[in-house]
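Visitor: Pasting a structure below so you can have a look.
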Protein chains: 2
Amino acid sequence: MNYNYVIGLDYGTDSVRAVLMDTAGGKELASSVFYYPRWAEGKYCDAKKQQFRQHPLDYIEGVTATIQAVLAKAGPEAARYVRGISVDTTGSTPVAVDETGTPLALRPGFEQDPNAMFVLWKDHTSIQEAARINEVAALQKINYLQYVGGIYSTEWFWAKLLHVLRTDEHIRPYIYSWVEHCDWIPFLLTGGDNLKDLKRGVCSAGHKSLYAVEFGGLPPNSFFTEIDPLLDGYTDRLFDRTYTAEEPVGTLSKAWAEKLGLSTDVVVGIGAFDCHMGAVGAEIEPYMLSKIIGTSTCDIMVVPEAEMKDILVSGICGQVPGSVIPGMVGLEAGQSAFGDVYAWFKDLLLWPAKNMDLQPEQLEKLEKDLLTELSNEAGKREVLENSVLAVDWLNGRRTPDANQALTAAISGLHLGTDAPEIFRALVEATCFGARAIVERFVSEGIPVKGLIAMGGVAQKSAFIMQTMADVIGMPIKVHRSEQTCATGAAMFAATAAGIFSKVEDAMAAMGQGFDEPYTPDAAKHALYNTRYARYKSLGGWVEEQRSRH
Amino acid sequence: MNYNYVIGLDYGTDSVRAVLMDTAGGKELASSVFYYPRWAEGKYCDAKKQQFRQHPLDYIEGVTATIQAVLAKAGPEAARYVRGISVDTTGSTPVAVDETGTPLALRPGFEQDPNAMFVLWKDHTSIQEAARINEVAALQKINYLQYVGGIYSTEWFWAKLLHVLRTDEHIRPYIYSWVEHCDWIPFLLTGGDNLKDLKRGVCSAGHKSLYAVEFGGLPPNSFFTEIDPLLDGYTDRLFDRTYTAEEPVGTLSKAWAEKLGLSTDVVVGIGAFDCHMGAVGAEIEPYMLSKIIGTSTCDIMVVPEAEMKDILVSGICGQVPGSVIPGMVGLEAGQSAFGDVYAWFKDLLLWPAKNMDLQPEQLEKLEKDLLTELSNEAGKREVLENSVLAVDWLNGRRTPDANQALTAAISGLHLGTDAPEIFRALVEATCFGARAIVERFVSEGIPVKGLIAMGGVAQKSAFIMQTMADVIGMPIKVHRSEQTCATGAAMFAATAAGIFSKVEDAMAAMGQGFDEPYTPDAAKHALYNTRYARYKSLGGWVEEQRSRH
C-alpha cells in the first residue's frame, strides 16, 4: 500500500511538538515534544524587564529531536510515506539575520547575545518604540495601521527591530535584515543560504510587518526613516511579495533529509503563526471565534473576502486576506496573558516555598497540584455582585486596543479573602478579557456566532470554560484534538504537498470534531453582565492612570 | 522599706498582659501574658461573615493567670506592696448583660451563644445597623454624632447592640443592658453584683456610646426608638454619669483578693480603651499623634480643652474631654487593619502550605519566618511612580470617614510582580492610611507636630517605620516601652490609688522615653506625594463602586 503521511511542526513558547499524521482520516500516528533546553534554564531572559529571548539552537535541536522521534515511534516504514512538513510558530518572534539569512546568535561572537536571538512574542522591551511607531503613523496621509487594528504593538516585528537597533550599538552593523521565526524554519529546512530566497508568509507579513496588497507591499522607506533613521533601508532588504500557507517553500535540503532520515522530495510548506494554523486544525468556520487558550490566547476569525468590503476592525491584531484560509480574511486578536495569569498567581503563592528552603519533594508536590486545588476550591465559591473582582492585564493588553503598558488590578479584597477567592476572580477576569474581544468584533460589524476553544486550558478546565460561556453568554465548542496547531500545520503540509487542492479539503478529511459544547447559564450571565461593567470601570481607572503618568 | 507597686492589665485582641511596676522610676518588675484559649481555637468566630466574638471566661481566666504569674515572678514580698490595678481593653467590645451585670454567656443556656459574648472591636456584622443609626441621626435637630466624627461606625456599641437584638430573637428578652469590656472588668474585680453600681469610664462612653456633657448624658430614648423600637428603654438602663481613668472604681472584692493573693485595700481604677492608656504609657503630649500599631492602629491626640473651642473634627472616632488625660480633649482615630494587612498576605501565601498537607515542621518554619523574609526583601526594592500600588481597606476604613463596607485593592500588577513587591505596596498602603488621618486632623484645624509610635509593628520593623516617616513627611518617635498600654494602665492605677495626684505626674515619674526618631527622606517623600495622589484616586474608585451598589 501507499500512504500519504505529513508532519506538522508546532513551535510553542516552551517547546516544539511534531505530529506525524495520515492524510486519509487524519489519524495521529506519533507525536513528540522537545522542551527548549536554554529557555528552560531561564537564559537570556529577564522577567522584571519583560525581556524574553530564545536561542536559535533551541529551535534547531527541536526539529531533529522531534522528527526523529516521531519517525522512530511510527516504525521503520513510516519515513518513506512522508510527503510534506509545515511549520507554525509563535509570533511576532523575529530575529536579526545576516545576508545569508542566518540568525546572528549562530555567528561567532554573538552566541550569548540576547539581541542576536529571537525576540519572543511576549517580550515587552520595546514599549517606547511601539509608541514612536504609533506617533509617526498618526501623521501619515495613508493609515499604515488600518489593517492591524489601528495600534502598533510592542509585541510586533518593527518595534522589536527598532528596539534592538536603538539599544545595542555593538550589534547594529551586523543586522542585515529581520525574519520571523515561522518564515525562518522553512528556509532552514529547505537549505536556504541567501536571504533573497527567503519566502515570507502572508500571515506574519500582514499581521505584524504592515504588509498589505493595498500599499503595494510594505510601507515606504520614508515612513520608517521618519520613525527613526536607524530603520533606513530595511524595507529593501525585507520583501515585496508573500505566500499563503497552502503554497510550498521547496523541498528538504540534502543535509536535513539525511539528518532526519527523510527523502529530499518532502515538500516544506510556507510557515504561519500557531494560532492561524491552530484555527484550521480546530476546523474553523466563518464567524466562529476560534480561541487557542494557553499561556496567552490567540483568537482567530475568518470572514469571506466579499463580506469584509469596507470593514476595518479597530483595536485588533490585524485583518489579512489569506492569512488563515485563502479566499477569506483572517482576523486576529488575543489576550496577552491567560494561563500566564494563573501561573503568575501560582508563583506568587509559591514564593515562601521557593525562597525559604522548603524540602524539594514538598515544593514539587505544591508545584504539581496547586492550580488543580485552587480550581477545585474556586469552583465551589458563590459569586456575588461584590465578590473580589480583577482586571487581567498582567502582561498588558493585546486586544482590544493594544496597550502593553497597562497592568492588572484586584479589588474587593477583605480580611476573609483567601487564595481560591482571588483565583476565581482571576479566572473571571481572563474571561472578561475574552468577552471584550467578542464585543469589539460585534461593535465593528462582525457578528460572532459562538466560540471554538482549544489548547491546554480549554481541554483541562471545565471550570474555566463554563465561566467563559457564562461570562460571554455564548456556547463554546472545545475541539477534540489535543494538538490543533500541529494538526493544522499537518493539514497545510498535506495541501502544500498537493495531496489536497485546498486546505478546506484537508480540514474535512483530517478533522477530529468537537466535544459537547459548554452552554451559558442565563442567571449567571446576568450577574456577570453587572460585574463586567465593573471590570470595565476598574480597567478604565488603570488606563486613566497610565495616560496621566 | 515600703514600696508602691501597681498592676496594669492590658486586654488585647489575642491575649491579656499584666505588668507589675514600681511607681518610683517606673521599673517593670514582672510581666505575664495569657492567650485566650477559646479565641485561639477560633471558636465563636466566622471570618467570612466578619463575626468575631470573645467568651468572658477567656477574660476571667486571664486575670487570674497573669496576676498570679507576675506576683510569683516578683517574689514573695511583692504582693503586699501592690496599691492599685487599672485595666485597659480593646473597644468598642461590648457584651449583653443581665441586671446583675453578668455577661449572658456566663449564664446557663448561653455558654455557647456568640450573641451572649463580647462583640470584639473588629466584628463587622452590624453594617446595616450602623447605616440605620447614621440615617436617623441625619434627621435630628441636634447632631448626636458631632463628637464622634459625624459617622457612627459598625464597630461601635449601639450598632452592635442593635444587631444582636435584631438578629437573635431567642436572646433578646434576656438582654437587660450592654457593657463595654473596659467597664466590666473593674466591676468584676470590685465584686459588683448590681448593674446600677457599674461605673462607666468617659473614654468608652464618649467615644462609642454617644455620651456627651453637652447632651446631658446619652441622647434621648426617642432618638434610639426612632432608629429601632427594639432599642426602647436602653438609655434608662445604661448610665447618666461617667468617670475619668484617674478615678477609682473601688477596691478588690474579698473573693478576688483571695484568689490573687492581694489585699482588699488594692484600688481598682476606672477602665479605658487600650490606645488611650497606651498614649499615656507612651508619654503623649499635645499635638503629637500617638499611634499604637498592631493588628490595627489606634491613634490618639490630646489638645488642651481651651484650645478646642468650636472645633469639631469630622470623620474621626470622637473627641471627648478627659478621655485620655483630664483637662484635655482626647481625639481618637485609627486604621481598621494595619498588621492585619500583613497577616492577611501571609495567610494568603500560606494557603498552599496549609491546604495541601505540607509537613507540620515545614509549615511551622514558613509561618514563623515569612513576614521577616518578605520585609527584608521588600526593603531592597526600588519604588517608582508606577510600582505596585494598594489601598489598605482590607477591614474597611475606620478613619477618616468610617466606612466598613469598603474593601482593599491592589493595582499595577504584571507578570514580573512577586510577593515582596506586593508586600512592599501593602506596607506603603498602610502608611498612606496613616497619612490620611494626619491630613484630616490638619485640614480640620488641628496641627500635627509629629508622631509617636508604639506597639509590636513600631518596635519590630524599621522598614515599616521609615516608610511611614517618608510617606507622611514627619519624624516618628518610637517609645522605648514594649508595653505602653499596660504601662499606661499602671500609671492610671498609680493615680487612682492616690500615689500621684494627676496622671501627668505618673507619666513623668514612670515614663521610659524614646529611641532615636525616624526622620523623613525628602526625595522619597516627594515620590510618595505622587503615589499618595494615586492611592486616593484608587480609593475613590472603590468608594464610588460601593456607593453605587
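Visitor: Out of the residues in the range A:341-358 meeting the condition of being closer than 28 Å to A:MET468 by Cβ, without any contact (Cβ under 8 Å) to a residue 60 or more places away in the chain and at the interface with another protein chain (Cβ under 7 Å from one of its Cβ atoms), tell me which one is surrounded by the most Cβ atoms within 10 Å (Cβ to Cβ).
Guide: A:TRP344
Visitor: Taking the condition of being part of a loop (DSSP other than H, G, I, E, B), touching a strand residue (DSSP E or B) at 6+ places or on another chain (Cβ under 7 Å) and farther than 22 Å from B:GLU543 by Cα, how many residues in the range A:374-396 meet it?
Guide: Number satisfying all stated conditions: 1.
Visitor: Return a yes/no flag: does the range A:73-84 have any residue that is acidic (Asp, Glu), within 30 Å of A:ALA497 (Cβ to Cβ) and crowded, with 16+ Cβ neighbours inside 10 Å.
Guide: Checked the range A:73-84: no residue is acidic (Asp, Glu), within 30 Å of A:ALA497 (Cβ to Cβ) and crowded, with 16+ Cβ neighbours inside 10 Å.
Visitor: Scan the range A:425-482 residue by residue and report those that are hydroxyl-bearing (Ser, Thr, Tyr) and in contact with a Phe, Trp or Tyr (Cβ under 8 Å, 6 or more places away or on another chain).
Guide: A:THR430
Visitor: May I pose another question? Looking only at the range A:87-128, how many residues end up being surrounded by 24 or more Cβ atoms within 10 Å (Cβ to Cβ), out of contact with any Ser or Thr (no Cβ under 7 Å at 6 or more places or on another chain) and over 20 Å from A:ASP14 (Cα atoms)?
Guide: 1
Visitor: Could you grab me the full set of residues in the range A:377-396 that are at the interface with chain B (Cβ under 7 Å from one of its Cβ atoms) and either within 26 Å of A:ILE300 (Cβ to Cβ) or aromatic (Phe, Trp, Tyr) (or both)?
Guide: A:LEU394, A:ASN395
Visitor: For the condition farther than 15 Å from B:ILE325 by Cα, at pLDDT 95 or above and within 22 Å of the chain's Cα centre (by Cα), what is the one hit in B:ALA486, B:ALA490, B:ALA509?
Guide: Being farther than 15 Å from B:ILE325 by Cα, at pLDDT 95 or above and within 22 Å of the chain's Cα centre (by Cα) holds for just one of B:ALA486, B:ALA490, B:ALA509, which is B:ALA486.
Visitor: Return yes or no: is B:GLY322 under 30 Å from B:ALA523 (Cα atoms) and buried (at least 19 other Cβ atoms within 10 Å of the Cβ)?
Guide: It is false that B:GLY322 is under 30 Å from B:ALA523 (Cα atoms) and buried (at least 19 other Cβ atoms within 10 Å of the Cβ).
Visitor: I've got another one for you. Being more than 30 Å from A:TYR243 (Cα to Cα) and not charged (D, E, K, R) narrows it down to one of A:LEU331, A:LEU374, so name that one.
Guide: A:LEU374
Visitor: Can you tell which of A:TYR234, A:TYR287 is aromatic (Phe, Trp, Tyr), surrounded by fewer than 20 Cβ atoms within 10 Å (Cβ to Cβ) and over 13 Å from the mean Cα position of the chain (by Cα)?
Guide: A:TYR287
Visitor: Continuing with this model, one more query. Could you check the range A:401-426 and list, in sequence order, the residues that are part of a loop (DSSP other than H, G, I, E, B), modelled with pLDDT under 95 and either closer than 27 Å to A:ASP299 by Cα or charged (D, E, K, R) (or both)?
Guide: The answer is A:ASP401, A:ALA402, A:GLN404, A:ALA405.
Visitor: Hey, among the residues in the range A:1-59 that are in a helix (DSSP H, G or I) and either in contact with a Ser or Thr (Cβ under 7 Å, 6 or more places away or on another chain) or within 14 Å of chain B (Cβ to nearest Cβ) (or both), which one's nearest to A:ASP265 (Cα to Cα)?
Guide: So the residue we want is A:ALA47.
Visitor: When the residues of the range B:397-422 are narrowed to those that are facing chain A (nearest Cβ under 10 Å) and out of contact with any strand residue (DSSP E or B) (no Cβ under 6 Å at 6 or more places or on another chain), which ends up surrounded by the fewest Cβ atoms within 10 Å (Cβ to Cβ)?
Guide: B:GLY416
Visitor: Here is a further query. Of everything in the range B:359-372, what is within 7 Å of chain A (Cβ to nearest Cβ) and touching a helix residue (DSSP H, G or I) at 6+ places or on another chain (Cβ under 7 Å)? Give them in sequence order.
Guide: Selection gives B:GLN359, B:GLN362, B:LEU366, B:LEU370.
Visitor: To continue, here is another question. Might you check whether a residue that is of a type in the set (Lys, Arg), assigned to a helix (DSSP H, G or I) and surrounded by 24 or more Cβ atoms within 10 Å (Cβ to Cβ) occurs anywhere in the range B:456-473?
Guide: Checking the range B:456-473: not a single residue is of a type in the set (Lys, Arg), assigned to a helix (DSSP H, G or I) and surrounded by 24 or more Cβ atoms within 10 Å (Cβ to Cβ).
Visitor: Something else now. State all residues of the range A:304-318 that are of a type in the set (A, V, I, L, M) and within 16 Å of A:VAL442 (Cα to Cα); if no residue qualifies, say none.
Guide: Answer for the range A:304-318, where residues must be of a type in the set (A, V, I, L, M) and within 16 Å of A:VAL442 (Cα to Cα): A:MET308, A:ILE311, A:LEU312, A:VAL313, A:ILE316.
Visitor: Take A:GLN545 and decide whether it is more than 24 Å from A:GLY91 (Cα to Cα), at pLDDT below 95 and within 14 Å of chain B (Cβ to nearest Cβ).
Guide: Yes, satisfied.
Visitor: Applying the selection to the range A:137-178, what residues are closer than 29 Å to A:ILE300 by Cβ and in a helix (DSSP H, G or I)?
Guide: Selection gives A:ALA137, A:GLN146, A:TYR147, A:VAL148, A:PHE157, A:TRP158, A:ALA159, A:LYS160, A:LEU161, A:LEU162, A:HIS163, A:VAL164.
The values are calculated or read from the model by the stated rules, or taken from the named source; none is laboratory data. What you see is a predicted model, and the numbers here were worked out from it, not measured in a lab. FYI the Cβ positions are ideal-geometry reconstructions off the backbone, even for glycines, and counts take in every protein chain you see.
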